[in-house]
Amino acid sequence: MFSFASLLLLAAAVNASVLTLQSPRFSVTSSSGSQLRSEPISLAHKAAEPVTLAPTDTLKITFQAVDADSGKGVQPQQTFLRFYDEESGEEGIQPVRVTSGGKAKFELNMAKVPPSLPATSKAPLKVSLIIGTPKYSPLKISLFDLFVPASHPITPHPDEASFHPLPFIEHTFRPEPTQPPKPVSALFAGLVLSPWVVLLGLWAHISPRVPRLFSAKILPFTATLGAFEVLLFWYWVDLRLGDVLLYGGVLGVAMLFTGKYALASISERRMASQK
């Protein structure tokens, strides 16, 4: 059920004043000022023949918005022309300035096309006049079909290519590294372990009692040597060069003191044995 307020609004809409146009007319003039075409605008139907504009022609539309009952001029709140391209679906809206007495004049100079005009092709533009104001019923009039020169192609921006989709990046991966032959691996493993063989040989030459290598005074030096071997293996597996230099520097200082202490202990034992 409609409320009382809705009934009042409906009654106001039925009894709204009617807005009409007085002396509506359009004309086409050339750049020299000569009039090429001039016709009145019918409020019931659009012009039978389309309007064609050359690159230097000017289209003029004049009318006066008046109250249909009193004939007094009315200044609408909104008045604009709509240019619609049915093929592309684009439209352009151009406001029309109306004086306080309801008189309006619009000019479309093809030498200075307004930005509101949509990009055009060979298809005509449907031109209509739309007027709206609170105290009157809205008014929409189909004026005519308009043929204008086709728009120039848009000049591409220098950076336009940067925003286009780029081709997919395809990576070519190297094949997995192959294992070296076993004799080569054994050779290099022997080279890595050779310093230990030399070290054990030298210690055996210093003293025939090898268990002294693990005495309390020599064991720290042996442990630092083992730590160096572990560090080199760790570098081969996971560490970086900077980490190896840092940890190696710390082990080098420790090896310096433990080695000096171990050599002093061996020298003392040799001197004691000679006595």
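Taking the criterion of being within 30 Å of the chain's Cα centre (by Cα) and without any contact (Cβ under 8 Å) to a residue 12 or more places away in the chain, the residues of the range 88-124 that qualify are G89, P115. Residues that are among the polar types (S, T, N, Q) and open to solvent by less than 100 Å² (accessible area, probe 1.4 Å) within the range 143-173 comprise S151, S162, listed in sequence order. Looking at the range 180-235, which of its residues are of a type in the set (S, T, N, Q) and modelled with pLDDT under 80? Correct list: S207, S215. In the range 147-180, the residue that is nearest to T58 (Cα to Cα) out of those that are aliphatic (A, V, I, L, M) and within 25 Å of the chain's Cα centre (by Cα) is I154. Among the residues making up the range 174-191, a single one is exposed (fewer than 10 other Cβ atoms within 10 Å of the Cβ) and among the β-branched types (V, I, T): T178.
The values are calculated or read from the model by the stated rules, or taken from the named source; none is laboratory data. Keep in mind it's a predicted model, so treat the numbers as computed, not measured. Here Cβ is always computed from backbone atoms with ideal geometry, including for glycine, and neighbour counts include all displayed protein chains. Ligands, DNA and RNA are excluded from the accessible area calculation, which covers all protein heavy atoms including side chains. Shrake-Rupley method; radii C 1.70, N 1.55, O 1.52, S 1.80 Å.
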